[in-house]
Amino acid sequence: MSNDARAAARSAAALAGFLIVAGLQLIVVLGALWTVLKLLPADFALRAGVPLSLATVGALGYATWRALHSRRRTPAGVAVTRSDAPELWALVDGASVAAGVPSPAGLTVVADATVVVGERTRALGWLGGRRDLYLGLPLLQAWDSGRLRAAVAHEFAHGSARLGRWAPLAYRGRVAVGRLAPRWSRGRNPAGAVFRAYAEIYRRVDAPFSRAQELAADRVAAQFAGVAAASGALRDLPVLAGMQRLFHAEYVGPGWQAGHVPVDVFGGFLRVLAARGEDVAILRARGAEPGGAWDTHPPLAERLAALTPARSAAPDNSAGGPGGAAGRKPGSAALSEAAGASGEAAGASDDAVSASGEAVGAEAVEPSGRVGAANAATAPGVAVTENDDQAAGELVPDLPGLGRALQAVAFPAQGRTEVGWDDFLSVARTAEMEREAEAALATVSRAVGVPVPDAASILELAADGRLRTAAATIFPGLTPEETAERIVDLISLMLALAALRSDVARWRHSWTGTAELVAADGAYLNLTDVAAAAADPEQAEDVRAYLARIGVDLAAPAGDRPVARAQALGGLINLSADGERTDLLVTDLGFLLVPGLSRGKGPEAKRRLNRIAAGGVSVPGRNADAVPESAKAMPVSVGSAGAGGYGSDGAGAGEHGSAVAGAGAGGHGAGAGVGGHGDGAGVGGHDGGAGVGGDGDRAGSSEAAERARGGSVATMEAPADGRRFVPFADVAAVTTLPGRRRGWVIGLRDGGTLTLRPSLDTDELPGGWAAWEEAVTFLAGTR
């Protein structure tokens, strides 16, 4: 038996230890109970012994089952049959043969840039089940077939028995335990504490096997697709994940929250990849972020070094031959920057899901919208196989149609207006400015003691000197020069909005940089100098006359804005909120509290909260108070492929589209149709604008990191069914209560508090506790 086979056997034996620990835990508790009963009078012990033993076995057995049970989660996507894409299935079949495993039962195209094999396992992976392949649409758009071959072969190799007969079981168990371990650490299940302690022992025993199996999967990928393909994919692992987060935060999230959806989300992502090569280069230079404690992948440098000796043995057609540079089709598009994405877990019931170690490359976009195969001979580390002259998208006969079908699942409109990218980005940018203006005007109104509704009122205050006095009050610590800059910033913001509302100005967008406010005919429009002049009382009337001459209505009202919708990130069932049973939905804008159902109606409560989440949480009202940057919406990373959906049966549209407003996504936008909901206030590098904030902060920022934190400042009027929406903007502080049964006190800006505690029957929708803890961390760190 080889060392790797012995490591697999030890890992499987350690996995069996969880079942032994469960049995020993029950025996110890019963032994303690019977010891106590022996000390009691015999008659009482006989009468009480049987019911107490049954109750103990039942309660501890249920707690153990809950601790070891994982819910079935089906990533949202579009199923592709063999007749739909025979060439793609041929690639999949070839990869499964190379890995020595059966072909998957199904193939689903999902929104995230990932390759994931999900297996529906039971009993901590001891019993296998149906295996499905989840393939990200961005890979089909942006990759050549060589890298796709490497990625798919690597994933299939996780289920191979090449490292010994126990290897598939050991891997399934590792994935199952890695999925359950975070739940054990929360301290709400009495059986979880023992499993948590043993999990550390198991992880150390399993580590040698996990390392060996990942390296073996890399070798399978290199043998099937070529060393260059496997190495190039691994090297670009973190790049596309970072680009997806940027795309969701800066391009998709703001317009999505404003009530719109772009007509071609995936096409927009390709444009970002092609246009923002500098960001791609920065992400590539930064390298991969360290994985979590349960990440099975060795460091990237170690994996690349392990592939180097294989270069002489593995097929590598990087030069010459029918698939090499000399045999490549003429006219292939040149490769731009490569990008990578992590593969996340997806699956069901203890689903064993292979975390993708593959990467994604972004190549030059052809006029058709799909990415052509690269001239990889000019790009170091790029795969070149005999099929590298074929774009991966060519494996699917109707890739645009597949993209439209996937967008309907991953980005369901749900009442949003579908518009082109130019209009989408314009609406998002304008909505962001509207929020900044609302906050600034509310602050100025309080300072001067009268309502200040529009730009005309601001210019009146500037003309009589009251605006400068108000600014000095709002910003007492600034120098006169800095105060004057804040005044000009505010006037610039209000003049820009007035010009937009009067149809005198429009946005000119760039995928590579800052949006520019130009005249309606595209001519240069300089409102900054106009604002500086307006801040001078002696020039105020001249500025008014100039603005009237070019058609700017300073009192133009804002148009009807669509109802903003908060995106659900996770849900908790049967919490205690100020002593009342409550279900809670975590969104990117705040918490939705729903009156809980009576005990015993947990399944019904889950279905109800699922329906609410799937429909989106309408947020019609807006606060009039100025809101500091830290009070805005929580940024959400791109989600993972296994984050689960919120359809009525648990397999619907995902966490509102994997890629929207993350993720992630979720968990989170863009993972296999689930993901995390990127949320951010800046759009494509646009300036956040500037205004007067009540706490002395600017209402906007030109930095992408600041923009990504932005969001709608909203409050929801309580409907008749007793629901209550608590916006992040209204949260002043979050305090975690000590003790085994944790709790949280949310302090509100109006002086009220909200105390939340888990109950004995508290449960979660997929990703619920993770979303809650992320929100608490965000609020605690920004208040």
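Tyr546 versus Thr735, label points 7 Å from Cα toward the beta carbon: distance in nm?
Label-label distance for Tyr546 and Thr735, simple model: 5.4 nm.
Which one, Ala222, Ile201, Ala212, projects farthest toward the positive side of the charge dipole computed for region 179-228 from Cβ point charges (K/R +1, D/E -1)?
Comparing the listed Cα positions along the dipole, Ile201 ranks first.
What ranking do 226-236, 40-50 get when scored by the average of other Cβ atoms within 10 Å per residue, highest first? Please list the in-between numbers first.
On the way: 226-236: 28.0, 40-50: 11.4.
The densest-packed peptide leads the list: 226-236, 40-50.
Work out the FRET efficiency for Arg599 and Ala408 from their Cβ-Cβ distance, taking R0 = 35 Å, and round it to the nearest 0.05.
Here the calculated transfer efficiency is 0.35.
Run the numbers for Arg204 and Asp521: contour at 0.36 nm per residue of separation, minus the present Cα-Cα distance, in nm.
Separation in residues times 0.36 nm, less the Cα-Cα distance, equals 107.5 nm.
With +1 on each Lys and Arg Cβ and -1 on each Asp and Glu Cβ, how big is the dipole of region 207-276 about its Cα centre, in debye rounded to the nearest 20?
For this selection, approximately 120 debye.
For region 150-276, rounded, prolate or oblate, judged on the Cα gyration tensor with a ≥ b ≥ c (square roots of eigenvalues), a/c < 1.5 rounded, else prolate if a/b > b/c?
Cα axes put region 150-276 in the oblate bin.
Taking 0.36 nm per residue of sequence separation and subtracting the Cα-Cα distance, how much length would be gained by fully extending the chain between Ala558 and Ala32, in nm to one decimal? Kindly include the intermediate steps, with their values, before the conclusion.
Values: separation 526, 0.36 × 526 = 189.36 nm, distance 7.07 nm.
Value of the extension gain: 182.3 nm.
Roughly how many nanometres apart are two label points built 7 Å out from the Cα toward the Cβ at Arg47 and Thr473?
7.7 nm
With a 10 Å radius around each residue's Cβ, average the other Cβ atoms per peptide and rank 598-608, 149-159, highest first.
Answer by packing, highest mean first, reads 149-159, 598-608.
When the solvent-accessible surface of protein heavy atoms is calculated with a 1.4 angstrom probe, in what order do Arg162, Arg172, Arg416, Arg196 fall, highest first?
Arg162, Arg196, Arg172, Arg416
Please state the charge dipole magnitude for region 168-263, taken about the Cα centre, from unit charges on C-beta atoms (+1 on K and R, -1 on D and E), reported in debye and rounded to the nearest 20.
500 debye
In nanometres, what is the gap between the two model label sites at Arg286 and Leu748, each 7 Å from Cα along Cα-to-Cβ?
Distance between label points: 3.7 nm.
Where a ≥ b ≥ c are the square roots of the eigenvalues of the C-alpha gyration tensor, would you call region 205-256 rounded, which needs a/c under 1.5, or, failing that, prolate if a/b is larger than b/c, or oblate?
It comes out oblate by the Cα gyration axes.
Ignoring ligands, DNA and RNA, how do Val427, Val272 rank by accessible area with a 1.4 Å probe, largest first?
Descending accessible area places them as Val427, Val272.
The values are calculated or read from the model by the stated rules, or taken from the named source; none is laboratory data. Please read all numbers here as calculations on a predicted model, not as lab measurements. Every residue, glycine among them, receives a Cβ derived from its backbone with ideal geometry; neighbour counts consider all protein chains shown. Just the protein is used for accessible areas: all its heavy atoms, side chains included, with ligands, DNA and RNA removed. Shrake-Rupley method; radii C 1.70, N 1.55, O 1.52, S 1.80 Å.
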